[in-house]
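Input: a single structure, listed below in structure tokens.
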Amino acid sequence: MNTFTPNRRALLKGGASVLAGAATVTADQLLGFAQAWAQTTQWKPEAGAKINLLRWKRFVEAEDKAFMDIIAAFTKATGVEVNVSNESYDDIQPKASVAANTGQGLDMVWGLYSLPHLLPTKCVDVTDVADYLGKKYGGWAESANAYGKDKTGKWIGIPIAATGALMNYRISSCEKAGFKEFPKDTAGFLELCKALNKNGTPAGMALGHASGDANTWLHWALWTHGGYLVDKNDKVIINSPETMKALEFVKGLYDNFIPGTASWNDSSNNKAFLAGQLHVTCNGISVYVTAKREAKNIAEDMNHAYMPIGPAGKPTELHLPFTMLTFNFTKYPQACKALTAFMMEADQFNPWLTSASGYLSPFLNGFDNNPVWTSDPKNTLFRDVAKRTLTPGGLGTLGENAAAAIADFLVVDMFANYCTGREDAKGSIAFAERQAKRLYR
């Protein structure tokens, strides 16, 4: 289990100016960096290398452009053709699984959560890349070790960055509901949602199969009440009084949510918030980034907060990590390693982080001083999410079983079944327990 350590790690000695980075970089500068890097890198791409890379669809347009600029510079400097395809969060895992089973179609996947742990025998060992980056850029956040390493300690994926699942809220609506500050505890949060609903300015969070939004906040809701799917020995313990309390808490929220959250996907709350229909939700910073461009009145009247703390008495957040894997059936493993390492070098990574406007929070400690975190105070909370996050393993290990549980929406469905009346509380828990025991048998 990963815990949040409030003491910030120092930047590498003598590297502060490099790691703080420039806010922008021209195409010529980027190409210059790439050409110099290609001459000295330890990973020399295979002759004629071509890479098919699958990644999640953008939520921040400038981030996607910066990413594609990095890809273009890499191609010009190395001669490696990189074909990038984009899919929604929910389609990444199925397409990655098809490629893994057929041994063709993709070389690399930049996916969600613990995707490499669903396919551990299909991943290239990237320990050399992880060690290189960790040594150069201040070490990895604790959660990165869980996301990147298999049970033997071999790195099977590189955690590029995480997106924070934090509270997005309209300041004026919360003040009208009687809250000058966003509640720091779950009891206060429930009262806020009740008051917001009464005022016609409701909250809402996804209970549908939204890979990012639903999984993040509902795992938080379970953990903050002391409930967990498994214990430290991976024994199923979901059937507990703590889980029952979490169910009742979420049902209280759901009864005061804007209608329709049981069928929401990962873009539903963004659209509702930006339309002025939704006044509190759990999301990344993408709502705010879009609002600054398209709905400035909303951007000025919104802010972010950490997830409230419940009976557990400590932060128990799950944020959305994006981990890069390389399939071991690729013909070009050195080219894939080179691309992964190149993406995260400071000359490229810092401007990319700035372009993402806080949507990407790095797992490498050395990038904490990027200007994006302090240029706008509303961004700052997102800086630390990669350090604060637990993993889908909860108290247990992050292996194939935990990866399957989150991919199958086991925890999400437990809450949704109860909130929508498909099952009573005991039946919802029993269903989740049966599913978990099949996975962890």
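The values are calculated or read from the model by the stated rules, or taken from the named source; none is laboratory data. Treat the numbers as computed from the prediction; the structure is a model and nothing was measured. FYI the Cβ positions are ideal-geometry reconstructions off the backbone, even for glycines, and counts take in every protein chain you see. The protein model used for the area step is the full one, side chains on, heavy atoms only, and it has no ligands, DNA or RNA in it. Shrake-Rupley method; radii C 1.70, N 1.55, O 1.52, S 1.80 Å.
Kindly establish whether ASN297 is out of contact with any His (no Cβ under 9 Å at 6 or more places or on another chain), in a helix (DSSP H, G or I) and farther than 23 Å from ILE158 by Cα. Considered against the rule, which asks whether it is out of contact with any His (no Cβ under 9 Å at 6 or more places or on another chain), in a helix (DSSP H, G or I) and farther than 23 Å from ILE158 by Cα, ASN297 comes out as yes.
Here are THR24, THR3, THR102: which of them is surrounded by fewer than 18 Cβ atoms within 10 Å (Cβ to Cβ), out of contact with any strand residue (DSSP E or B) (no Cβ under 7 Å at 6 or more places or on another chain), at pLDDT 95 or above and not charged (D, E, K, R)? Walk me through it before giving the result.
Working: THR24 fails: at pLDDT 95 or above; THR3 fails: at pLDDT 95 or above.
Result of the check over THR24, THR3, THR102: THR102.
Restricting the search to the range 182-207, which residues are outside any helix (DSSP H, G or I) and under 26 Å from the mean Cα position of the chain (by Cα)?
Of everything in the range 182-207, those that are outside any helix (DSSP H, G or I) and under 26 Å from the mean Cα position of the chain (by Cα) turn out to be PHE182, PRO183, LYS184, ASP185, PRO202, ALA203, GLY204, MET205, ALA206, LEU207.
Candidates in the range 28-62 are the residues that are of a type in the set (Asp, Glu) and at pLDDT below 95; of these, the one that is nearest to ALA356 (Cα to Cα) is GLU61. Within the range 31-47, residues that are of a type in the set (S, T, N, Q) sit with their Cβ atoms under 7 Å from residues that are open to solvent by less than 90 Å² (accessible area, probe 1.4 Å), at 6+ positions apart or across chains, in these pairs: GLN35/ALA77; THR41/ALA338; THR41/ALA341.
For the range 356-388, the candidate set comprises residues that are assigned to a helix (DSSP H, G or I) and charged (D, E, K, R); within that set, the residue that is surrounded by the most Cβ atoms within 10 Å (Cβ to Cβ) is ARG388.
Results for (1) on the phi > 0 side of the Ramachandran plot; (2) touching a Ser or Thr at 6+ places or on another chain (Cβ under 8 Å); (3) touching a residue at least 12 places away in the same chain (Cβ under 8 Å); (4) crowded, with 19+ Cβ neighbours inside 10 Å, shown as yes or no for each residue.
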{"site": "LYS184", "(1), (2), (3), (4)": "no, no, yes, no"}
{"site": "ASN199", "(1), (2), (3), (4)": "no, yes, yes, no"}
{"site": "ALA206", "(1), (2), (3), (4)": "no, yes, yes, yes"}
{"site": "GLY212", "(1), (2), (3), (4)": "no, yes, yes, yes"}
{"site": "LEU218", "(1), (2), (3), (4)": "no, no, yes, yes"}
{"site": "LEU222", "(1), (2), (3), (4)": "no, yes, yes, yes"}
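Looking for whichever is assigned to a helix (DSSP H, G or I), touching a helix residue (DSSP H, G or I) at 6+ places or on another chain (Cβ under 7 Å), of a type in the set (D, E, K, R) and closer than 24 Å to SER88 by Cβ here; the options are LYS251, LYS292, LYS271. Which one fits? Only one candidate qualifies: LYS292.
Considering each residue of the range 84-91 in turn, none proves to be surrounded by fewer than 21 Cβ atoms within 10 Å (Cβ to Cβ), within 17 Å of PHE329 (Cα to Cα), outside the structural domain of ALA214 (by the TED database) and among the hydrophobic types (A, V, I, L, M, F, W, C). Out of all the residues in the range 84-94, is one or more closer than 17 Å to LYS337 by Cα and out of contact with any Ser or Thr (no Cβ under 9 Å at 6 or more places or on another chain)? Taking every residue of the range 84-94 in turn, at least one turns out to be closer than 17 Å to LYS337 by Cα and out of contact with any Ser or Thr (no Cβ under 9 Å at 6 or more places or on another chain). Only a single item in (1) assigned to a helix (DSSP H, G or I); (2) touching a residue at least 24 places away in the same chain (Cβ under 8 Å); (3) open to solvent by 30 Å² or more (accessible area, probe 1.4 Å) is not met by ASN303, and it is number (1). If you check ALA195 against the conditions, is it hydrophobic (A, V, I, L, M, F, W, C) and touching a residue at least 40 places away in the same chain (Cβ under 8 Å)? When the stated conditions are applied, ALA195 does not pass them.
The condition (being buried (at least 19 other Cβ atoms within 10 Å of the Cβ) and not in a strand (DSSP E or B)) is satisfied by just one residue among LEU353, LEU325: LEU353. Could you list, in sequence order, all residues of the range 137-154 that are open to solvent by less than 10 Å² (accessible area, probe 1.4 Å) and hydrophobic (A, V, I, L, M, F, W, C)? Across the range 137-154, the qualifying residues are ALA141, ALA144.
For the condition over 15 Å from the mean Cα position of the chain (by Cα), over 26 Å from LYS57 (Cβ atoms) and open to solvent by less than 30 Å² (accessible area, probe 1.4 Å), GLY134 qualifies.
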